[in-house]
Structure formats: C-alpha cells, structure tokens
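Shown next, in structure tokens, is the structure this report addresses.
The values are calculated or read from the model by the stated rules, or taken from the named source; none is laboratory data. Just so it is clear, the structure is predicted and the values come from calculations on it, not from any experiment. Neighbour counts are summed over all protein chains in view; Cβ atoms, including those assigned to glycine, are modelled from backbone coordinates with ideal geometry. These accessible areas exclude ligands, DNA and RNA; they are computed on the full protein's heavy atoms, side chains included. Shrake-Rupley method; radii C 1.70, N 1.55, O 1.52, S 1.80 Å.
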Amino acid sequence: KQRVLSGIQPTSDSFHLGNYLGALQYWVTLQDDFDALYFIPDMHAITVQHDPKALRARTRVSAAQLLALGIDPKRSTLFVQSQVPEHAELTWVLSCLTGFGEASRMTQFKDKSVKQGADNATVGLFTYPVLMAADILLYRPHVVPVGEDQRQHLELTRNLAQRFNTRYKKTFVVPEAHIVSGTAKIYDLQDPTSKMSKSAASDAGLLSLLDDPAVSAKKIRSAVTDTEREIRYDPETKPGVSNLLVILSALTDTPIVTLEQDYTGKGYGDLKSDVADALVEFVTPFQAKVRGYLADQGELDRILAAGAERAREIAGNTLAQVYDRVGFLAR
Ligand code: ATP
Ligand code: MG
C-alpha cells in the first residue's frame, strides 16, 4: 500500500464545514486504499502566541473530532506531533541544510509575520516550513495532500529531501505534491467570495461543526444570496447560492445538476431550509460521538499514545539513518 500523510492544526475549538468537506472527508476515504498517517501538529500551533490550557483542550477535541468523523485508529495511525520527538530532532538536521535566504522566501511567513507585527514574529514561525518538511520526510509518504497555500512549503520539502539525498546518501522519498483540487471549496456564508475560515473577521458566515445546530441553522437561513430568484450553480454571478448548492450536494451526496432540477420553481428559502436540515442531520450524531470520546479522556489519550508508538516505529527508523549519515554516533 502507498502511504499518505496529512495533518490538521489544533488551533480552534471546532473544525468547520470547510475543513470537513475540503479535507477531512477525504482523509476518511483515503484509509481504504492507503496506509494513512494523520497527525495533529501541536508544535506548529505554538509558533504564534497561544494559551497552553486551550492548546491541550484543542488537541484532544481535534482528536475526538477526527475519530468521530471516521478516522479509524485500527486502520490508520492517528497521533499528536509532540508525542513523536523525531519531528523536532529531524527539524534540526534539516535546518542545517536550509538556506537562510531560501527560508526567507516563504510567503506564509511574510504574511503571518506582518499580521503579528514583525517584532512579535518568532524564529519558530520562521522555521515552521522546516518542521513541516521534517513532518513529511520522516514517514516517506508517496502522497501528501495539501491545500494550495502549502504548495511552496511542499516545494521546500522536496528540495530538502533531494539535497540530503545528494549530499549524503539516498535516504528520503521525494514526496509528490498532491494539491487537493477536486475537493469542495466552501465559502463564507456572509461573504461568499472568501473561503470559509476560522480566522475570518466575523464568525457569522462560519459553520463550526461543534456549534449548537440551531445556531448553525440560523446562520444558514441568514446566508447572503442575490436579488434573482433562480436556483442554479453559477459561482461567478451567484456565489452565495452556488455555495449553498455545493454544501447541500456534498452533505446529501446528490449531484448539483440534480439539485438544480429539484429546485426549479422553488425559492431560496426552500434551499436554505434544506441545507440547514442536512447540516443538522450531519452534526447531531457527530457531536454525540465527539462528546463520547471526550467523556473518556483516559481512553482518548491511550488511542493517541498507541498512534504515537506506531508513528515512532517509522520515524525512529528514518531518524536513525539520518543521524548515521550526517555522522552522529549511534545512541
Ligand atoms: P486559517 O484561516 O488559519 O488558515 P482555515 O480555516 O483555513 O484556517 P486550516 O487549518 O488552514 O483552516 O485548514 C485545514 C484544512 O482544511 C486544509 O486542508 C484546508 O485546505 C482545508 N480548508 C480550510 N478551509 C476550507 C474551505 N473553506 N473549503 C475547503 N477546504 C478548506
Ligand atoms: Mg488555511
């Protein structure tokens, strides 16, 4: 089986519908055909100011959500990054292969450090892409599904892998960028030309999976549409309606063309109420499962510990080769 690796940061109290329909839904299906490794990059989460208590809670709630969505710890390896020390260890070696100028060209650092104020940006935020390269290279995955915003970081990862292989000895698999494009992109309900994001200025257009379903239903009923009446998929001129169609299509597994036919002669109110129903139907059992996992923290922590142990078998093996090849004494 080919190996796939992906991670999602524990930086919010809940995943949102965009995370699910754009990424996590595929994580679940990839388990069938791949040896899948999924991790929660808590070390990345401290590259910006954070609250330790919130981080711990969010790491657990992230794990609970992944399990509730169908990540099966018997078939996949689900782990927390900081519980696998090889990530930090390989980062150091890769840091010593990364050019200062090369790292300086990473656009995400530029964007985020502007947001933080240049003086508040940390060296950790600067070297974040090197940690990400270590995350990936430790496991020698064939496929790394990442969003468009991570393309540059994946390119750096490929360069570092090639550089190490050339300078020392072939050690790393140069991973293929698998830019996820076939997946649904979900837009903000209030501003349907921007993607749904946890960092949006207002959360009026954000559907968090753990929000009270009644609140989410209300947000859907207040979603921005347009002044026409016709329900059809046309993201250019009808971004709001198109977004609702994409959501309904994904949640009910119905092609958009079928939905367009079903809604001829019906109004936006009908569409919104069906989207709201579909969302409530999806999140209600999901939330019950999440509560179940969180109710038994001991068991949740055991699942993560077992995942970390499995991850370490792979990561430890890669790191031992790396250490040997750069000339460190065996431990
Ligand atoms: P941030 O605003 O901090 O970037 P985010 O809400 O975009 O946060 P991420 O943690 O960056 O969430 O994304 C996690 C995963 O969810 C990524 O694979 C990303 O591509 C996907 N994703 C995020 N938002 C959407 C969206 N609106 N539609 C589809 N996929 C999305
Ligand atoms: Mg993002």
Check your understanding: Using Cα pairs under 8 angstrom and six or more residues apart, how large is the relative contact order of the chain, in percent?
Key -> 22 percent
Practice item. Please list, in chain and number order, the residues 5+ apart from D188 or on another chain whose amide H is under 5 Å from its amide H, with Hs placed from the backbone. Key: S194, K195, M196
Exercise for review: Measure of size requested: the Rg and Dmax of the range 151-222, with Cα atoms as the atom set and Å as the unit; please supply both.
Suggested key: 19.9, 59
Review point. When the solvent-accessible surface of protein heavy atoms is calculated with a 1.4 angstrom probe, in what order do K238, K198 fall, highest first?
Key: K198, K238
Check your understanding: Between N120 and K195, what is the label-to-label distance in nm when each label sits 7 Å out along the Cα-to-Cβ direction?
Key -> 2.4 nm
Practice item. Find which of V257, T227, Q297 sits farthest along the positive direction of the dipole of the range 213-311, computed with +1 on the beta-carbon of Lys and Arg, -1 on that of Asp and Glu, about the Cα centre. Key: Q297
**Study point:** Residue-level accessible surface for T318, protein heavy atoms, 1.4 Å, Å²
**Key:** 0 Å²
Point to revise | the range 127-271: radius of gyration and largest Cα-Cα distance (Dmax), Å | key: 20.6, 67
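If one computes P(r) from the Cα atoms of the range 1-46, what percent of pairs lie at distances over 12 Å? Intermediate results must be reported in sequence, preceding the final value.
Working: 668 of 1035 pairs.
For the range 1-46, the share of Cα pairs beyond 12 Å comes to 65 percent.
Multiplying the sequence separation of Q297 and A88 by 0.36 nm and subtracting their Cα-Cα distance, what value in nm do you get?
72.6 nm
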Check your understanding: About its Cα centre, how strong a charge dipole does the range 106-219 have in debye, to the nearest 20, once Lys and Arg get +1 and Asp and Glu get -1 at the Cβ?
Key -> 620 debye
Practice item. Could you list the square roots of 5 times each eigenvalue of the Cα gyration tensor of the chain, that is, the equivalent ellipsoid semi-axes, sorted largest first and rounded to whole Å? Key: 38, 22, 19
Check your understanding: Where the only charges are on Cβ atoms (+1 Lys, Arg; -1 Asp, Glu), what is the dipole of the range 83-128 about its Cα centre, to the nearest 20 debye?
Key -> 240 debye
Practice item. Just subtract the alpha-carbon distance of K185 and V257 from 0.36 nm times their residue separation and send over the number in nm, one decimal. Key: 24.2 nm
**Study point:** Cα-based Lys proximity count in the range 157-249, under 27 Å, for pairs eight or more positions apart or on separate chains
**Key:** 13
Check your understanding: If you average over every viewing direction, what projected area does the convex hull of the Cα atoms of the range 239-331 give, in nm²?
Key -> 11.2 nm²
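Tell me, what % of the accessible area of the chain is carbon and sulfur with a 1.4 angstrom probe? Before the final figure, lay out each step's value.
Numbers: 8330 of 16100 Å².
Solvent-exposed carbon and sulfur of the chain make up 52 percent of the total.
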Revision key, fill the gap. Expressed in nanometres to one decimal, the distance between label points 7 Å along Cα→Cβ at K289 and R310 is 1.6 nm
